[in-house]
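One structure is given below, encoded as structure tokens.
Derivation of every value follows stated rules applied to the coordinates shown; laboratory data play no part. Computed from a predicted model, the values in this text were never measured in an experiment. Virtual Cβ from ideal backbone geometry, glycine too; neighbours counted across all protein chains shown.
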Amino acid sequence: MTDSQKHIIIGLVIYPGMTALDIVGPQQVFSALPGVQIHRLWKTLDPIQTDDGMIILPDTTFENCPTLDVICIGGGLEQMAVVNDSQVLEFLHKQGSTAKFVTSVCGGSEFLAKAGLLQGYRAATHWMMREQLTKLGVEVGTERVVIDRNRITGGGVTAGIDFGLTIAAILCGEEVAKMTQLMLEYNPAPPFDVGSPEKAGADLVGKVRAYVMGTVGLEVK
């Protein structure tokens, strides 16, 4: 273990209505890395309910958060209630201005954009958020993980594991990242080849879009 590996401080921002896997996926990867300290961050230490009903406990407040090497935020079906929160955006901007890596998974890229952290950068997001991110002036990539200098962003939900392994390789080297992947037995073999809108076809994309928009109470355009 090198000296640099002894002092890697990662902050995962969690919030009410987030999608659990956006953060739990990377958290699982990061927790296996040597010399990493993880902070699960929110305004308070009160329990957080995710959009699927899971309860997650923050362990560090914004106020008590140390300077981070990596800051990460995910998306969620209920992120609209939080994405314009000035306290959240100010915290992201403050930590993002000094972090070695500014990162997100899924719709978390919208938070980064609104915090002024993606101007002039290319980023990934959930396929249903691509148009919104483009409107915020971000060049949107369709890859599972987009790396643009020190901005590292993952696509929707399950891409968080690919994202986590990508960061693991950057922080600790490819060998450690490969060991982590094997420990997790991350060997995806989905039963259906419809995991992106490009593969799913217009009919299925339309049905999913209508379902999700109805879930969050928005009219389908």
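Which value, in debye to the nearest 20, describes the size of the charge dipole of the chain about its Cα centre when Lys and Arg Cβ atoms bear +1, Asp and Glu Cβ atoms bear -1, and nothing else is charged?
Numbers: 17 positive and 24 negative charges, 75 e Å.
That gives the chain a dipole magnitude of about 360 debye.
Can you show me the helix-derived [θ] at 222 nm for the chain, built from DSSP H runs with n ≥ 4 at -39,500 (n - 2.57) apiece and divided by the number of residues, rounded to the nearest 500.
Values: 8 runs with 77 residues, N = 221.
Counting only the DSSP helices, I get -10000 deg cm²/dmol.
Residues 69, 22, arranged from fewest to most other Cβ atoms within 10 angstrom of their Cβ, appear as 69, 22.
Once both labels are positioned 7 Å from their Cα atoms along Cα-to-Cβ, the gap between residue 52 and residue 211 label points is 1.3 nm.
Straight-line cross-link reach from residue 114 at under 17 Å between alpha-carbon atoms covers these aspartates and glutamates, not counting any fewer than eight positions away in the same chain: 78, 85, 90, 131, 139. Once C-alpha pairs closer than 8 Å and six or more residues apart are averaged by separation and normalised to the residue number of the chain, the relative contact order reads 18 percent. Mean projected area of the convex hull spanned by the Cα atoms of the stretch 39-107, taken over all viewing directions: 4.5 nm². The Rg/Rh ratio for the stretch 80-221, using Cα coordinates for both the radius of gyration and the Kirkwood hydrodynamic radius, is 0.99. In the structure shown, the pairs 178/207; 100/178; 43/199; 100/199; 94/178 are assessed against 31 Å; a Cα-Cα span above that value is assigned to 178/207; 43/199; 100/199; 94/178.
With the cut-off at 31 Å, report for the stretch 3-188 the share of all Cα pairs above it, as a whole percent. The partial results should precede the final answer.
Working: 1346 of 17205 pairs.
Within the stretch 3-188, distances greater than 31 Å cover 8 percent of Cα pairs.
When DSSP beta bridges are limited to those with both residues in the chain, what percentage is antiparallel, rounded to the nearest 5? Intermediate values should be presented prior to the final figure.
Numbers: 6 of 28 bridges.
Just about 20 percent of them are antiparallel.
Fully extending the segment from residue 204 to residue 184 would add 4.1 nm, taking 0.36 nm per residue of separation and subtracting the current Cα-Cα distance. Projecting the Cα atoms of 35, 213, 95 onto the dipole axis of the chain, where Lys and Arg carry +1 and Asp and Glu carry -1 at the beta carbon, places 95 farthest toward the positive end.
Counting DSSP beta bridges in the stretch 1-90, what percent are antiparallel, to the nearest 5? Each step should come with its number before you reach the end.
Numbers: 2 of 14 bridges.
So the antiparallel bridges amount to about 15 percent of the total.
Among 85, 193, the ranking by other beta carbons within 10 Å of each residue's beta carbon, starting with the fewest, stands as 193, 85.
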